[in-house]
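What follows is a set of notes on a single structure, which appears directly below.
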């Protein structure tokens with residue numbers, strides 16, 4: 001699979017990574033195949049070091065499928081980001097996508113998930129601890 | 001001469017075309033007997049109706065209805081019956097049978113009763129035909145050739161319409177039950193409650209999860225309290241589904257609190273070995289809402305306490 005898609009992976013990725021007040025906001029615009037996901041991972045992790053980000057928000061609202069490889073990649077991004085000092089929040093999972101993920105047994109634990117970008121930013125702003133039951137616990 | 005041959009040929013053609021049509025009840029041989037049969041049923045309308053009503057009464061069918069009601073329905077069915085024999089079309093009868101079913105189903109009339117009643121009429125009429133044609137066995141045979149298929153078809157039509165109507169009622173009730181039974185309610189900003197009442201089957205559980213996830217999105221909920229006080233029994237499949245619902249909600253950024261686990265259900269879950277470690281459970285709905293308020297940073301204070 002990665003070999004077959006090698007030529008395409010040289011194209012610019014359809015993911016925008018924006019810096020915003022110490023946070024990085026990565027929006028995935030279209031479905032990514034496995035090699036593109038891996039490229040996205042290395043790009044993002046580089047940017048974390050480069051921008052000295054304190055938090056990362058990955059917006060997956062455009063994805064209609066999040067398979068186990070995508071889950072694994074997203075989890076590993078969060079773990080590496082944590083080691084480099086940034087908390088990760090994944091936002092924008094659609095209801096049907098959430099249901100499918102659960103049915104397939106794909107899990108994002110212990111990465112924090114939030115409804116949308118706004119909620120994700122709020123979570124990071126409240127110095128979110130990933131893995132806590134709720135962002136509200138920190139707010140209260 | 002020519003015209004006679006032409007006429008004959010035309011006749012044959014017509015016979016063939018009518019034979020092919022499904023709506024026809026009789027073979028052309030016995031078509032001539034049809035008016036006679038109908039006339040017989042017309043002439044003996046009063047006695048045959050009465051006989052039928054008596055037989056229904058003897059068999060203790062339709063006991064939920066008064067004798068007057070039974071007799072008036074008997075009359076309608078009888079007339080429809082004769083009409084079917086006369087015209088060969090069951091459409092009118094089918095419409096009437098549906099209408100009748102709609103009226104009698106709420107009164108607890110069972111499918112068995114309906115079939116038995118129709119068969120009784122078939123029996124009553126057949127006996128009267130035996131009586132009338134007993135001296136001419138060949139003619140009786142032909143009359144029965146004409147009568148039997150029609151009578152069978154009528155019985156099937158009436159019973160079929162009854163069952164159809166019953167199924168329609170059941171479907172309608174299922175639909176309304178399904179819509180009624182899974183409300184997703186917002187009680188505070190960002191707090192939803194989902195009181196589940198009644199048995200959870202796979203279909204309903206899926207629909208419920210769909211509604212909850214949509215609700216989380218539209219209300220931007222952070223906490224959801226699922227109350228299962230009204231669920232009589234929780235088996236492995238339902239427990240598994242609850243766990244999945246919790247996980248899916250969490251993926252959408254909402255925490256879930258489960259309340260109302262009775263001690264029996266809690267024991268069952270432990271016995272089955274469902275992993276509930278990831279679930280936040282609180283004893284009752286009140287406790288669940290209080291916990292949710294705490295998580296969301298609400299504090300509910302009595303007005304006189306606040307004044308102090």
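Throughout, read-outs are computed from the coordinates displayed, never taken from laboratory work. What you are looking at is a predicted structure, and each value in this text was computed from that prediction instead of being measured. All Cβ positions, glycine included, derive from the backbone under ideal geometry; neighbour counts span all protein chains shown.
Taking only C-alpha pairs under 8 Å that are 6+ residues apart, what is the relative contact order of chain B in percent? Could the numbers behind the result be given before it?
On the way: 294 pairs, mean separation 40.1, N = 308.
13 percent.
Here the Kirkwood formula puts the hydrodynamic radius of the stretch B:133-246 at 18.4 Å, using every distinct Cα pair.
Averaged over peptide B:205-216, how many Cβ atoms belonging to another chain are found within 10 Å of each residue's Cβ?
Numbers: counts 0, 2, 0, 0, 5, 3, 1, 1, 7, 3, 1, 3.
Rounded to a whole number, the mean comes out at 2.
Distances between every pair of Cα atoms in the stretch B:185-307, grouped in 10 Å steps from 0 to the bin holding the largest one, split as 13, 45, 31, 9, 2, 0 percent.
Estimate the FRET efficiency between residue B:32 and residue B:92 by the formula 1/(1 + (r/R0)^6), using the beta-carbon distance for r and 30 Å for R0, to the nearest 0.05. All intermediate terms of the calculation are to be shown ahead of the outcome.
Working: r = 24 Å, r/R0 = 0.79.
With a Förster radius of 30 Å, E is 0.80.
Across all Cα atoms of the protein assembly as shown, the radius of gyration (one decimal) and Dmax (whole number) stand at 36.5, 120 Å. Each of B:157, B:87 has some number of other Cβ atoms within 10 Å of its Cβ, and from fewest to most they run B:87, B:157.
Fewest-first ordering of B:184, B:143 by other beta carbons within 10 Å of each residue's beta carbon gives B:184, B:143.
If R0 equals 45 Å, the separation of the Cβ atoms of residue B:175 and residue A:118 corresponds to a calculated FRET efficiency of about 0.75.
Within 10 Å of each Cβ in A:107-113, how many Cβ atoms from other chains are there, averaged over the peptide? All intermediate terms of the calculation are to be shown ahead of the outcome.
On the way: counts 3, 3, 4, 0, 1, 2, 6.
Mean partner-chain Cβ count within 10 Å for A:107-113: 3.
When both bridge partners sit in the stretch B:185-307, DSSP labels roughly 20% of those beta bridges antiparallel. The slack between residue B:141 and residue B:203, meaning 0.36 nm per residue of separation minus the straight C-alpha distance, is 16.8 nm.
Rounded to the nearest 10 degrees, the angle from helix B:33-43 to the longest Cα principal axis of chain B is 80 degrees.
Its alpha carbons give the stretch B:86-161 an Rg and a Dmax of 14.6, 46 Å. In the stretch B:45-172, inverting the average of 1/r over every pair of distinct C-alpha atoms gives 15.2 Å as the Kirkwood radius.
Put in order of Cβ neighbour count within 10 Å, fewest first, the listed residues B:281, B:46 become B:46, B:281. In chain B, Rg over Rh equals 1.30, where Rg is the alpha-carbon radius of gyration and Rh the Kirkwood radius from pairwise Cα distances.
Over chain B, dividing the summed -39,500 (n - 2.57) contributions of all DSSP H runs of at least 4 residues by the number of residues returns a 222 nm mean residue ellipticity of -23000 deg cm²/dmol. The angle between the Cα long axis of helix B:91-104 and the main principal axis of chain B comes to about 50°, on a 0 to 90 degree scale. The equivalent ellipsoid of the stretch B:188-229 has semi-axes of 20, 12, 5 Å, largest first, where each one is the square root of 5 times an eigenvalue of the Cα gyration tensor. Within the listed set B:148, B:264, B:110, the residue fluctuating most in the Gaussian network model of chain B (springs between alpha-carbon atoms under 10 angstrom) is B:264. Where both bridge residues fall in the protein assembly as shown, DSSP classifies roughly 25% of the beta bridges as antiparallel.
Per residue of peptide A:24-34, the mean number of Cβ atoms on other chains within 10 Å of the residue Cβ is 0. Taking the C-alpha atoms only, the angle from helix B:285-296 to the longest principal axis of chain B is near 50 degrees. Please report how far the C-alpha centroid of the stretch A:50-125 lies from that of the stretch B:234-308, rounded to the nearest whole angstrom. Each part's Cα centre sits 24 Å from the other's.
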